[in-house]
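The values are calculated or read from the model by the stated rules, or taken from the named source; none is laboratory data. This structure is a prediction, so every number in the text was calculated from the model and none was measured. Cβ atoms come from the backbone with ideal geometry, glycine included; neighbour counts cover every protein chain shown.
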Ligand SMILES: [Zn+2]
Ligand SMILES: [Zn+2]
């Protein structure tokens, strides 16, 4: 079977590996769609020792069960599934409270730090992480929801985004674009910010009322030309320090910001904004797997077109090219398709 791994800075290798067999408690999934996430691009730009030692990249699996291992109940060959990629202890307080994304005793996630991921034709996963992909969603939808869709949705839900809000979406990569298409049916008036003209244009098509170019001058002043009081809420998906610096200037007093984008080891913003405007700023890390069904139901009710953020679909064999396109930060979401 074909699979991909990152082997050096900006180098992805196409591998030919033996077909995996499920261990007890596991299934093997035949991949139907999988994407490249920002978290695959961080090591692509700066590989870690884990990457240089080699493992299959990717953590957005979506497919059908091809083989069921011993002792697995409730799942059959042919079931459409999306495995939750964050592997957890299942026993800590957060796990028991159905907030597995916050497990305090996490195991290595699929597609991270030596644990094989989803950029492969066949993937072994523990059955406990399987989530059922409803028939009204495509496999591509499943791959989008596996990580980035949920990452976009969860902070909007936590902020209670509604028609009363001017919402800034900072960064219009895949997670930012997904934030736009989820926030639109929630009712928000959306302001998208990104230096890429192509991404700003896509955000407008997907429902942003206004888009701003941070390289064209002070974004706070640009925003206030449209909304004199500033924004009520903000979701920060870029992970860039200059974007962090202006969060407080974009928000109204008592405004709320979710910090979603990684890729920067620290977060800093001016105290004069944080304290003087009494802002609420919180971090957000993927989504609790219990929220998967809520998201699929929301998508159905509001006819959310997740696939509209996909700009490229390539076969796994073109992995090096797919990573290059994704790392350019000018495209929508880049995904792999399978025959
Ligand atoms: Zn991801
Ligand atoms: Zn746990």
- Task: Output the number of residues of the stretch 230-243 satisfying the condition of being without any contact (Cβ under 8 Å) to a residue 60 or more places away in the chain and out of contact with any helix residue (DSSP H, G or I) (no Cβ under 8 Å at 6 or more places or on another chain).
- Result: 1
- Residue by residue through the stretch 81-98, note down the ones that are in contact with a helix residue (DSSP H, G or I) (Cβ under 8 Å, 6 or more places away or on another chain) and either in a helix (DSSP H, G or I) or near ligand 2 (Cβ under 8 Å from one of its atoms) (or both). 88, 89, 90, 94
- Across the stretch 275-293, the tally of residues that are over 18 Å from residue 175 (Cα atoms) and part of a helix (DSSP H, G or I) stands at 2
- Message: For the list (1) away from ligand 2 (no atom under 16 Å from the Cβ); (2) part of a loop (DSSP other than H, G, I, E, B); (3) buried (at least 20 other Cβ atoms within 10 Å of the Cβ), I need the number of the one condition that residue 135 fails.
- Response: (3)
- Note on the structure: Matching residues in the stretch 7-53 (touching a helix residue (DSSP H, G or I) at 6+ places or on another chain (Cβ under 9 Å), buried (at least 16 other Cβ atoms within 10 Å of the Cβ), more than 22 Å from residue 139 (Cβ to Cβ) and at pLDDT below 90) number 2
- Across (1) in the same structural domain as residue 196 (by TED's automatic domain parsing); (2) in contact with a helix residue (DSSP H, G or I) (Cβ under 9 Å, 6 or more places away or on another chain); (3) at pLDDT 95 or above, residue 174 clears everything bar (3)
- Message: Against the conditions (1) within 16 Å of ligand 1 (Cβ to nearest atom); (2) not in a loop (DSSP other than H, G, I, E, B); (3) not assigned by TED's automatic domain parsing to the domain that holds residue 205, where does residue 128 fall short? Just the number, please.
- Response: (1)
- Unique match (being part of a loop (DSSP other than H, G, I, E, B), exposed (fewer than 14 other Cβ atoms within 10 Å of the Cβ) and assigned by TED's automatic domain parsing to the domain that holds residue 123) among 58, 71: 71
- Query: Among the residues of the stretch 211-225, is there at least one that is part of a strand (DSSP E or B), crowded, with 21+ Cβ neighbours inside 10 Å, out of contact with any helix residue (DSSP H, G or I) (no Cβ under 8 Å at 6 or more places or on another chain) and modelled with pLDDT of 95 or more?
  - Reply: no
- Task: Being over 19 Å from the mean Cα position of the chain (by Cα) and buried (at least 17 other Cβ atoms within 10 Å of the Cβ) is the filter here, so list the residues in the stretch 320-337 that pass it.
- Result: none
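Residues checked against (1) at pLDDT 95 or above; (2) in contact with a strand residue (DSSP E or B) (Cβ under 6 Å, 6 or more places away or on another chain); (3) not in a helix (DSSP H, G or I):
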{"position": "148", "(1), (2), (3)": "yes, no, no"}
{"position": "152", "(1), (2), (3)": "yes, no, no"}
{"position": "157", "(1), (2), (3)": "yes, no, no"}
{"position": "163", "(1), (2), (3)": "yes, no, yes"}
{"position": "167", "(1), (2), (3)": "yes, yes, yes"}
{"position": "178", "(1), (2), (3)": "yes, no, no"}
{"position": "185", "(1), (2), (3)": "yes, no, no"}
{"position": "190", "(1), (2), (3)": "yes, yes, yes"}
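Matching residues to (1) more than 16 Å from ligand 1 (Cβ to nearest atom); (2) within 27 Å of residue 334 (Cα to Cα):
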residue: 92; (1), (2): yes, no
residue: 106; (1), (2): no, no
residue: 116; (1), (2): no, yes
residue: 124; (1), (2): yes, yes
residue: 135; (1), (2): yes, yes
- Query: Which numbered condition trips up residue 82, out of (1) over 18 Å from residue 304 (Cβ atoms); (2) within 16 Å of ligand 1 (Cβ to nearest atom)?
  - Reply: (1)
- Restricting attention to the stretch 303-324, which residues are assigned to a helix (DSSP H, G or I) and without any contact (Cβ under 8 Å) to a residue 60 or more places away in the chain? 318, 321
- Quickly run through the stretch 32-49 and pick out the residues that are in a strand (DSSP E or B) and within 16 Å of ligand 1 (Cβ to nearest atom). 33, 34, 35
